[in-house]
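Participant: Here it is: the structure, laid out below.
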Amino acid sequence: MPQSYPAPLALPVYLDHAASTQVRPEALEAMLPFFTAEFANPSAHHEGGRRASEALERARETVAAVLGALPEEIVFTSGGTESINAAIKGVAQAQNDASGGRHILTTEIEHHAVLHSAQFLERFGFDVEVLPVDEYGLVTAEAVAAAVREDTVLVSIGYANNEVGTVQPLSEIASAVREAARALGRRIPLHTDAVQVATSLTLDVEALGVDLLSLSGHKFGGPKGTGILYIRRDVPFLEQASGGGQERQRRSGTENVPGAVGLATALQLAQAEREVFGARALALGERMLAGVRASCPDARLNGHPTQRLPHNLHLCFPGVEGEALVDALNAVGIECSAGAACTSATWEPSHVLLAMGVPLELAIGSLRLTLWPTITEAQVDYVIAQIPLAVKQLQAQAITI
Ligand code: PLP
């Protein structure tokens, strides 16, 4: 993997890359001038403004090339959450204006940015249908197509789940939705939350067949507070941030030039390296899983056994609370999460695991380990040694209580 990463310290072992990643040195370097000498507003009509605007447009072209899109189809945002909110609310409202339709289709295991955006629209009369998933967190193309209706304005299906890592058959879903829409004489846009996949899967919007795609910079070595929304050129969209008309009237507000430059640099590198990333992350994950299972045979791997993100290991340990396990591992220098970092402030069993039919007593004992190619075998072996110690101690405490 990239020579440019600094060698990780032996401790802590950071295994929370689904929550956030370190900014890549190449991205940081590309960004720096736009905090200092090249700080001008890209809308300004002077030389400094022109240079900032050029940098922004170069970043847009880079992102568009990675996605197989046109530069004008790329909107820079403040992150995954904003991209998803804009996609769902912006398309649903525009489609409703055009056709009066009110039906939004999604799944039970989406990120809360998707589910809460859709629920928000229910207050304004939209009808949100949340499709069930199977025990692996999969939804089939047939199930999505069968749920498409005359009044469907948007379908939103996550590319890969941020908790268990299951990857949906997205291009099959896209073909099935297109077919179902054609049979109704309609055009029904498909949005995907692709926030977790940039390091390991293709983002080619033509190959995937999606109409809208959301990304977040800090999940692939870019800066926090940066995101992308791809909007296919003919998809109706109402802007969610009104003001000066930046981003071709789709997202007003002075653009984050350093952020866009850093995000574009990181995205290009992440996509160029994704096969190497996947192979290395998978090898590390397999070593970790085999090692943990050797000492904790009752550990359960959640999500699909093969259709999964290569760097995601999501485990449940009977008789153990996920939060307590995260604390115990943190105490020995292992940083990971009990589920999704975004929801862990309010501890409740994961809606994803419950939707997959994981029993409540197991769902509360979940641990998400998300790897990175810079992790060493020695660090993996340290984790393999520490997890069983922590699990057994917590299981013993639960029995004595
Ligand atoms: N969607 C998924 C699948 C995520 O994993 C996350 C963050 O964890 C988000 C959306 C939100 O992204 P952001 O943190 O950039 O707002």
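The values are calculated or read from the model by the stated rules, or taken from the named source; none is laboratory data. As the structure is a prediction and not an experimental result, all values here were calculated from the model. Backbone-built Cβ (ideal geometry, glycine too); neighbour counts: all protein chains shown. Side chains included, ligands, DNA and RNA excluded: accessible areas come from the protein's heavy atoms. Shrake-Rupley method; radii C 1.70, N 1.55, O 1.52, S 1.80 Å.
Participant: Check Leu309 against each of (1) open to solvent by less than 20 Å² (accessible area, probe 1.4 Å); (2) among the aliphatic types (A, V, I, L, M); (3) touching a Cys at 6+ places or on another chain (Cβ under 7 Å) and name the one condition it does not meet.
Facilitator: The number of the failed condition is (3).
Participant: Val210: crowded, with 24+ Cβ neighbours inside 10 Å, within 23 Å of the chain's Cα centre (by Cα) and over 24 Å from Trp372 (Cβ atoms), yes or no?
Facilitator: yes
Participant: List every residue pair whose Cβ atoms lie under 7 Å apart, where the two residues are 6 or more positions apart in sequence or sit on different chains, the first residue falls within region 105-130 and is crowded, with 16+ Cβ neighbours inside 10 Å and modelled with pLDDT of 95 or more, and the second residue, located anywhere, is among the hydroxyl-bearing types (Ser, Thr, Tyr) and outside any strand (DSSP E or B).
Facilitator: Close Cβ pairs satisfying both conditions: Ala113/Thr81.
Participant: What about Ala98, is it open to solvent by 10 Å² or more (accessible area, probe 1.4 Å), outside any helix (DSSP H, G or I) and not β-branched (Val, Ile, Thr)?
Facilitator: no
Participant: For the subset of region 20-55 comprising residues that are in contact with an Asp or Glu (Cβ under 9 Å, 6 or more places away or on another chain) and open to solvent by less than 30 Å² (accessible area, probe 1.4 Å), which member is farthest from Leu215 (Cα to Cα)?
Facilitator: Gly48
Participant: Any chance region 310-323 includes a residue that's in a loop (DSSP other than H, G, I, E, B), assigned by TED's automatic domain parsing to the domain that holds Leu394, modelled with pLDDT of 95 or more and over 16 Å from Ile384 (Cβ atoms)?
Facilitator: Yes, region 310-323 contains at least one residue that is in a loop (DSSP other than H, G, I, E, B), assigned by TED's automatic domain parsing to the domain that holds Leu394, modelled with pLDDT of 95 or more and over 16 Å from Ile384 (Cβ atoms).
Participant: Moving on. Inspect all residues belonging to region 227-245 and state whether any of them is over 30 Å from Asn96 (Cβ atoms), in contact with a Leu (Cβ under 7 Å, 6 or more places away or on another chain) and within 16 Å of the ligand (Cβ to nearest atom).
Facilitator: no
Participant: Something else now. From the list Leu170, Leu215, Leu190, which residue is within 27 Å of Thr254 (Cα to Cα) and either open to solvent by less than 10 Å² (accessible area, probe 1.4 Å) or free of Cβ contacts under 8 Å to residues at least 12 places away in the same chain (or both)?
Facilitator: Just one listed residue meets the conditions, Leu215.
Participant: Kindly evaluate Glu57 against the criterion of being more than 16 Å from the ligand (Cβ to nearest atom) and in the same structural domain as Asn41 (by TED's automatic domain parsing).
Facilitator: Yes.
Participant: Please tell me if Leu184 is buried (at least 24 other Cβ atoms within 10 Å of the Cβ), out of contact with any Ser or Thr (no Cβ under 7 Å at 6 or more places or on another chain) and outside the structural domain of Leu367 (by TED's automatic domain parsing).
Facilitator: No; evaluated as a whole, the condition is false for this residue.
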